[in-house]
Amino acid sequence: MKKLILVLAVVLPVLLPVSAVSKMMLERSIAPIYKIKITGYDPRDMLYGHFLRHRFVEEDIIAQGLSKEVSDNIRSLDRRYYIPEAEARRLDRILRGRKLDMHIGVGVMPNGKVFKDQLYIEGRTMEEFLRSSNFKKSNKNNKATVRPVF
């Protein structure tokens, strides 16, 4: 009996969080993703640190045809999108002074909760956009610079 209690005392604290995280990951993986158009607070300075500050375009939320509860949940999402540090300067230089078509993927879980998925620039994920953009990284001092590729 003592062995059973000992095994449960060791296994349960590990098993419960793992099962909760697994359930959430499964729900996120099957959740439909809606691309919602965004605009910046200040198009000259959309990046603030490693965060892209944005607003969802209200007409685009309505056009998705989602329930009022889900639409309200989208409106209440944080207005910042985290940009990985390695790409923040490069993306800042590309975005500065340009009007690009930008969306954020918003996932809707079965219980109506929402989460931000990916940033889309000109119809491509941020990673695809940066890989295929006409701008290359400079290796000097690990700083990103904008140089057109010919």
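The values are calculated or read from the model by the stated rules, or taken from the named source; none is laboratory data. Just so you know, these numbers come straight off a predicted model, no measurement behind them. Methodologically, a virtual Cβ is constructed for each residue, glycine included, from the backbone with ideal geometry; neighbour enumeration extends over all protein chains shown.
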Considering residues that are assigned to a loop (DSSP other than H, G, I, E, B) and in contact with a strand residue (DSSP E or B) (Cβ under 7 Å, 6 or more places away or on another chain), the number found within segment 67-103 is 4
Exercise for review: Could you tell me whether any residue of segment 39-51 is in a helix (DSSP H, G or I), polar (S, T, N, Q) and either within 19 Å of Gln118 (Cβ to Cβ) or at pLDDT 85 or above (or both)?
Suggested key: no
*Has segment 64-87 got at least one residue that is crowded, with 16+ Cβ neighbours inside 10 Å and either touching a residue at least 60 places away in the same chain (Cβ under 8 Å) or charged (D, E, K, R) (or both)?*
yes
Selection over segment 13-38 where residues are β-branched (Val, Ile, Thr), farther than 21 Å from Pro110 by Cα and free of Cβ contacts under 8 Å to residues at least 40 places away in the same chain yields a count of 1
Within segment 69-97, the residues that are modelled with pLDDT under 90, basic (Lys, Arg) and closer than 22 Å to Glu59 by Cα are Arg79, Arg80
Residues of segment 111-150 being modelled with pLDDT of 85 or more and part of a loop (DSSP other than H, G, I, E, B), in sequence order, are Asn111, Gly112, Lys113, Glu122, Gly123
